[in-house]
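Visitor: Quick one: the structure is below, and I'll ask about it shortly.
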Amino acid sequence: MREGPGASGWSAHDAALLGAVASLHTDRKISDATWQALARDLSHTQLIELCMLAGHYEMLAMTLRSLGVQADAPPRRGAASRGSAARRRSR
């Protein structure tokens, strides 16, 4: 993801989605070319929802950073699967 939509391995649709979100973040607008690429697979309503969803996460990130909320530490490798197995055994 850090390489962006131009990195190898993304489908054309996924690259367009990543490009749209990156454009919304930096330019506050999806380019006409990206909009047209997304419109091949998404309805007009879904395109609007994409803008709203990206904006929501941007707003959430700004709020959390402003409040000084610290990110949780990543789980230790294998810790989640051990916890799930323990929960299944305790039922």
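No lab work stands behind these numbers, since they all come straight from the coordinates. Source: prediction; values computed, not measured. Neighbour counts are summed over all protein chains in view; Cβ atoms, including those assigned to glycine, are modelled from backbone coordinates with ideal geometry.
Visitor: Using the charge dipole of the range 1-70 (Lys, Arg: +1 at Cβ; Asp, Glu: -1 at Cβ; taken about the Cα centre), state which of 54, 43, 70 has its Cα farthest towards the positive end.
Guide: Selected residue: 70.
Visitor: Right, another one. Given an 8 Å cut-off on Cα distances and at least 6 residues of separation, report the relative contact order of the range 1-70 as a percent.
Guide: Working: 36 pairs, mean separation 16.2, N = 70.
Relative contact order here is 23 percent.
Visitor: When 31, 66 are ordered from fewest to most other Cβ atoms inside 10 Å of their Cβ, what list results?
Guide: Numbers: 31 12, 66 8.
By the 10 Å Cβ count, ascending: 66, 31.
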